[in-house]
Amino acid sequence: MAPKKFLYEFQSSDLKDFEGIERDAFRKADELNDKILDLKIMVDEINEEWEEFIQFLEDERISKYCEFKCQETIEFDEELLNAIVTTLKKTLTDTNKSINYNSKKIKINRVIDG
């Protein structure tokens, strides 16, 4: 039988052969993995809503991209438009910093790579 590479490959019967600390590590990793998967689902939903929002802006001729494509745009408060863009960009940047993907990947790789 090939070595197990993922948590989901372990059965309950496998866990009884592990020491307490091994079971604790498995349980914590499994809970963390579940949370990350929940986050992935949320991010996928946000990505879909993001695309819908961008499409809305273009359909309603609010986006400056419409001007770039030589299409007429509607009258829209410039200050509000800038606030929308600035807020969403800041939130994306802050979220990206919170996730800190590369740092987390490096740290978890140290567990097996040293």
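The values are calculated or read from the model by the stated rules, or taken from the named source; none is laboratory data. All figures in this text were calculated on a predicted structure; none of them were measured in a lab. Note that each Cβ is placed from the backbone with ideal geometry, even for glycine, and that neighbours are counted across all protein chains shown. Each accessible area value is taken on the protein alone, full model and side chains, heavy atoms only, with ligands, DNA and RNA left out. Shrake-Rupley method; radii C 1.70, N 1.55, O 1.52, S 1.80 Å.
Give the residues of the stretch 1-12 that are open to solvent by 70 Å² or more (accessible area, probe 1.4 Å) and in contact (Cβ under 8 Å) with a residue 24 or more places away in the chain, sorted by residue number.
None - no residue of the stretch 1-12 is open to solvent by 70 Å² or more (accessible area, probe 1.4 Å) and in contact (Cβ under 8 Å) with a residue 24 or more places away in the chain, so the list stays empty.
Scan the stretch 47-73 for residues that are surrounded by fewer than 11 Cβ atoms within 10 Å (Cβ to Cβ) and in a loop (DSSP other than H, G, I, E, B) and jot them down.
Passing the criteria: Lys69, Cys70, Glu72.
Residue check, Glu79 against (1) at pLDDT below 90; (2) among the acidic types (Asp, Glu); (3) loosely packed, with under 10 Cβ neighbours inside 10 Å, all met but one. Which one?
All conditions pass for Glu79, except number (1).
Could you grab the pairs with beta carbons closer than 8 Å, sequence gap of 6+ or different chains, first residue in the stretch 63-86 and closer than 20 Å to Glu51 by Cα, second one modelled with pLDDT under 80 and not in a loop (DSSP other than H, G, I, E, B)?
Hits for this filter: Thr73/Lys64; Thr73/Cys66; Thr73/Glu67.
Output the number of residues of the stretch 89-105 satisfying the condition of being more than 15 Å from the chain's Cα centre (by Cα) and either over 25 Å from Leu39 (Cβ atoms) or surrounded by 11 or more Cβ atoms within 10 Å (Cβ to Cβ) (or both).
So the count comes out to 0.
Filter the stretch 27-46 down to the residues that are of a type outside the set (A, V, I, L, M, F, W, C), open to solvent by less than 80 Å² (accessible area, probe 1.4 Å) and without any contact (Cβ under 8 Å) to a residue 12 or more places away in the chain and list them by number.
Residues satisfying the conditions are Asp34, Asp44.
Could you tell me which numbered condition Ser13 fails, if it satisfies all but one of (1) part of a helix (DSSP H, G or I); (2) under 30 Å from Asn96 (Cβ atoms)?
Evaluating Ser13 over (1) part of a helix (DSSP H, G or I); (2) under 30 Å from Asn96 (Cβ atoms) leaves (2) as the failure.
Can you tell me which of (1) surrounded by 12 or more Cβ atoms within 10 Å (Cβ to Cβ); (2) over 27 Å from Val111 (Cα atoms); (3) modelled with pLDDT under 85 is the one Leu15 doesn't meet?
In the conditions (1) surrounded by 12 or more Cβ atoms within 10 Å (Cβ to Cβ); (2) over 27 Å from Val111 (Cα atoms); (3) modelled with pLDDT under 85, Leu15 misses (2) alone.
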